[in-house]
Amino acid sequence: MTYRTVQRLANAATPEELFTGQWQNRTSVLDEYKPYLDDRWNDGCTNAWKLWEEIVPLGYKGSYGRVRAYLHKTRTSPRPVTARPPSPRAVAGWILRRPESLAETETLQLKTVRAHCPELDALTRHVRSFATMLTDRQGQRLPDWLDAVRQDNLPSLHTLAAGIDRDRDAVIAGLTLPWNSGVVEGHVNRIKMLKRQMFGRAGFALLRKRVLMS
């Protein structure tokens, strides 16, 4: 036992301080579900067995005892439980992905975020509506989408809507017609790649020959 350890044990004011250590920072199979448990606890559901039954279908593989121990710690905590908010990157990923591709825990967390933030709720609706127009080629809905965006206090989307409005006919055509410039863009990228490969090592004649023969 090192001198530092002996000093820490001697200076402990409470029995709980004797059990502090690196093992407390280890990950747990319950970590992913703690935000959900905290939200349900704050909603008034304090039955450990019921909460364990709720998270098992969500993918929890741990024991009931681990859930009970976590909630017991929550019950004896002098401070109210506040779930750790998800990161902006995580929320953006949930909004941009297809709803059916989200895990149940992600769906529940996004639902909680939307319930607590009207701006994110409106943003999610507009993003998903635009995605539907894009994938289903419903360009005729664009004017209504622009009007709906302007009715919400979302300055960033207002900037996007103004840019779309300046070239509305072209955007509607892009959201409606089956043709696109994907092939042309592919050739442009290929030519740029060849140019980068030959930069400083070939003149125009050799570069032209590579482009024509590739």
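The values are calculated or read from the model by the stated rules, or taken from the named source; none is laboratory data. Predicted model, so just to flag it, every value in this text is computed and none were measured. Cβ coordinates were reconstructed from backbone atoms using ideal geometry, including for glycine residues, and neighbour counts include every protein chain displayed.
Hey, could you check the range 87-110 for residues that are at pLDDT below 90 and in a loop (DSSP other than H, G, I, E, B) and say which is surrounded by the fewest Cβ atoms within 10 Å (Cβ to Cβ)?
Filtering the range 87-110 for residues that are at pLDDT below 90 and in a loop (DSSP other than H, G, I, E, B), the one surrounded by the fewest Cβ atoms within 10 Å (Cβ to Cβ) comes out as SER87.
What do you reckon, is LEU207 buried (at least 16 other Cβ atoms within 10 Å of the Cβ), out of contact with any Phe, Trp or Tyr (no Cβ under 8 Å at 6 or more places or on another chain) and modelled with pLDDT under 90?
So LEU207 fits the description; yes.
I'd like the full set of residues that are in a loop (DSSP other than H, G, I, E, B) and either surrounded by 13 or more Cβ atoms within 10 Å (Cβ to Cβ) or in contact with a Lys or Arg (Cβ under 7 Å, 6 or more places away or on another chain) (or both), limited to the range 48-74. Show your work before the answer.
Of the residues in the range 48-74, the ones in a loop (DSSP other than H, G, I, E, B) are 56-63.
Hits for the range 48-74 are VAL56, LEU58, TYR60, GLY62.
What about ARG166, is it loosely packed, with under 10 Cβ neighbours inside 10 Å, under 30 Å from ASP121 (Cβ atoms) and either assigned by TED's automatic domain parsing to the domain that holds LEU96 or in contact with a Pro (Cβ under 9 Å, 6 or more places away or on another chain) (or both)?
So ARG166 passes the test.
Looking only at the range 34-86, which residues are at pLDDT 85 or above and of a type in the set (Val, Ile, Thr)?
Once the filter is applied, which keeps residues that are at pLDDT 85 or above and of a type in the set (Val, Ile, Thr), the range 34-86 yields ILE55, VAL56, VAL67.
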